[in-house]
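Scroll down for the structure; my scribbles are underneath it.
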Amino acid sequence: MKPNELPRLLRSGPQRALTQREFEELYPRTKTLSPLDELKASGLTGRGGAAFETFRKVDLIRQQHGHRKVMVVNCMEGEPASHKDKTLASLNPHLILDGARALATMIGAHRVIVCVERDSKRTINAFTAALGELNDSHITFELQTPPGRYVAGEESALIHWLNSFESLPQYRAKRPYIPHIGRHVAMVDNAETCANVSIISRFGAGWFRSLGTPQSPGSQLVSVTGAVERPVVLEVSLGTTLRDILSAAHADLDPQAILLGGYGGTFIKPEHLDVAYDHASLSAIGATLGPGIIVVIPKSACGLAETQRIVKWMANESARQCGPCAFGLPALSQDLHELTYSTRSSATTLLRLKERSGIINGRGACKHPDGVIRLIASALEVFSNDVAAHSKGRTCGNERRAEHYATVPRLENEKDLVWE
Amino acid sequence: MGVINRRGGSFVIHIDPILCDGYGHCHELAPEDITIDEWGYPVVVAQNIPLKNHQAYEAAKYAERGCPRQAIRVEKIAPTA
């Protein structure tokens, strides 16, 4: 493989996943490298959303002396708008497993747990087939299938499921938080992060850095949905402009707004289309990369209605452990519903929405409510003209259209929603 | 208290939101440190309250002991440098 060639990760065999032999031919071990030093030099950040530097995490876990270590691969992907981990796993499962093995060797773990959401059969089949081809006498691999919920992929919820079969996020008083499975120290890494580690340990940091910007090196898998021909997963070099990504995805190039970073992310205005897609440039305009999700909202949609649908779904996905999240998110959803659909003046609702957002922020055990608050705040800013009109009772009419762009799953029984 | 107090340390109130069930005892016991929101769950008003404010610290300790779910923890912070 050439260093600055795409795709790096999304490679597959003809009509099926790569077998181990094909994988070893495509990704040869070029020279003898020290994987830990290469990982440090590569500056790889986690691809699960938080973008924490992977080397620092490895270093932190390595310092936990006197504990056995476990490596956990997080391939849960509870975001309905995200398909990258599932796509990667069903095309190239050996790349993920090889990266997990490299990480396990670095921290001295002898056990790797691959976690895949229960409902994604294709991913599970790909991993099962790939695990059958492995023969590793030092490290045991196992596949676990927790139930697929939005919060189930959160680090502490995943660890809690592995410990006691409940997908509930946990309160972490101490930072940095070191997850434990039983008495063993666990390191949780996203599947795409593992795939990148595999590449780094095979080709080295310099090779890895030949794509991307100096601050955000490498490539990123991006799921583009919304106003596109069909939802796609692309592999882009970090630092590509959003416009290039959208045109590669055959998306609407004159959108009303773009949702970056998934359901806990931010809307951005179309004038930011020429911003480069990397961490530094996006944080300058107040957005985040998140787990590589782009939802294109076209001009024909009502931004508030899209936000309301997302918030309603997110409120229902709350684990309902913490009061501010369990009661606050449904309240926010109802406020937004009133603001969007009411034909009377709802200026007080808007005020109440803002006030409630300020109160709820930062008061959950996990970041689930904070993400919703961020989404609402950016929606109120980006769709400010719509908000002004809607709050006076002059609805735009688009909110009653049947088609929706944020791919929110249908709630199974809308009347049975628990509003507590 | 001694040393930290004289040097002008502060304290922080941590609430475990999972344990908390909204009994509201903390608001009763420490109204100037903790208010409650519209659903009855506590909101910590100010972080890093100086220990010089003895009344606030005592009240926070009462709230810590009086919480039926033991969800509150009061942590002293030594002054930085």
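Some observations on this one:
- Subset of the range A:121-153 (residues that are crowded, with 19+ Cβ neighbours inside 10 Å, assigned to a loop (DSSP other than H, G, I, E, B) and modelled with pLDDT of 90 or more): A:P146
- Residue within the range A:378-386 that is at pLDDT 90 or above, touching a Gly at 6+ places or on another chain (Cβ under 7 Å) and either in the same structural domain as A:E229 (by TED's automatic domain parsing) or closer than 27 Å to B:A71 by Cβ (or both) present: no
- Residues in the range A:41-72 that are without any contact (Cβ under 8 Å) to a residue 60 or more places away in the chain and under 26 Å from the mean Cα position of the chain (by Cα): A:A50, A:F52, A:E53, A:F55, A:R56, A:D59, A:R62.
- Any chance B:Y62 is more than 12 Å from every other protein chain (Cβ to nearest Cβ) and touching a residue at least 12 places away in the same chain (Cβ under 8 Å): yes
- Whichever residue in the range A:160-201 is in contact with a helix residue (DSSP H, G or I) (Cβ under 8 Å, 6 or more places away or on another chain) and among the charged types (D, E, K, R) and, among such residues, is surrounded by the most Cβ atoms within 10 Å (Cβ to Cβ): A:E192
- Scanning the range A:292-327 for residues that are assigned to a helix (DSSP H, G or I), hydrophobic (A, V, I, L, M, F, W, C) and within 14 Å of chain B (Cβ to nearest Cβ) gives A:A315, A:C325, A:A326, A:F327.
- Scanning the range A:176-199 turns up one or more residues that are outside any strand (DSSP E or B) and modelled with pLDDT under 90.
- A:R8 satisfies every condition listed in (1) assigned by TED's automatic domain parsing to the domain that holds A:L131; (2) within 20 Å of the chain's Cα centre (by Cα); (3) over 18 Å from A:P176 (Cβ atoms) except (1).
- When residues of the range A:328-363 are limited to those that are under 25 Å from A:N398 (Cα atoms) and in a loop (DSSP other than H, G, I, E, B), the one nearest to the other protein chains (Cβ to nearest Cβ): A:S346
- Exactly one residue out of A:L234, A:L246, A:L259, A:L221 is surrounded by 20 or more Cβ atoms within 10 Å (Cβ to Cβ) and assigned to a helix (DSSP H, G or I), and it is A:L246.
- Taken over the range A:217-256, residues that are under 23 Å from A:A280 (Cβ atoms) and either of a type in the set (K, R) or in contact with a Ser or Thr (Cβ under 6 Å, 6 or more places away or on another chain) (or both) amount to 7.
- In the range A:250-272, the qualifying residues are those that are among the hydrophobic types (A, V, I, L, M, F, W, C) and modelled with pLDDT of 90 or more, and the one that is nearest to A:K84 (Cα to Cα) is A:L260.
- Restricted to the range B:15-45, and to residues there that are more than 9 Å from chain A (Cβ to nearest Cβ), of a type in the set (A, V, I, L, M, F, W, C) and not in a strand (DSSP E or B), the residue that is nearest to B:R69 (Cα to Cα) is B:C26.
- Each residue in the range A:327-345 was checked for being surrounded by 22 or more Cβ atoms within 10 Å (Cβ to Cβ) and among the small types (G, A, S), and 2 pass.
- Qualifying residues in the range A:382-396 (those that are in contact (Cβ under 8 Å) with a residue 24 or more places away in the chain and in a helix (DSSP H, G or I)) - the one nearest to the other protein chains (Cβ to nearest Cβ): A:S391
- Annotation note: of A:L18, A:L10, A:L33, the sole residue that is surrounded by 13 or more Cβ atoms within 10 Å (Cβ to Cβ), on the phi < 0 side of the Ramachandran plot, in contact with a His (Cβ under 8 Å, 6 or more places away or on another chain) and in a loop (DSSP other than H, G, I, E, B) is A:L18.
- Residues of the range B:44-65 satisfying the condition of being surrounded by 15 or more Cβ atoms within 10 Å (Cβ to Cβ) and under 29 Å from A:L329 (Cβ atoms): B:V44, B:A60, B:A63, B:E64
- Filter pass, A:A104 being surrounded by 17 or more Cβ atoms within 10 Å (Cβ to Cβ), in contact with a helix residue (DSSP H, G or I) (Cβ under 7 Å, 6 or more places away or on another chain) and part of a helix (DSSP H, G or I): no
- Selection from the range A:262-284 of residues that are closer than 23 Å to A:A305 by Cβ and in a helix (DSSP H, G or I): A:G262, A:Y263, A:G264, A:P270, A:E271, A:H272
- With respect to the conditions (1) in the same structural domain as A:V70 (by TED's automatic domain parsing); (2) under 30 Å from A:D274 (Cβ atoms), A:P231 falls short on a single one, namely (1).
- Taking the listed residues A:P324, A:P369, the one that is in contact (Cβ under 8 Å) with a residue 40 or more places away in the chain, on the phi < 0 side of the Ramachandran plot and out of contact with any strand residue (DSSP E or B) (no Cβ under 9 Å at 6 or more places or on another chain) is A:P369, with no other qualifying.
- Matching residues, the range A:360-391, being over 19 Å from the mean Cα position of the chain (by Cα) and surrounded by fewer than 19 Cβ atoms within 10 Å (Cβ to Cβ): A:N361, A:G362, A:A377, A:E381, A:S384, A:N385, A:A388, A:A389
The values are calculated or read from the model by the stated rules, or taken from the named source; none is laboratory data. Quick caveat: nothing in here was measured; it's all calculated off a predicted structure. Cβ atoms come from the backbone with ideal geometry, glycine included; neighbour counts cover every protein chain shown.
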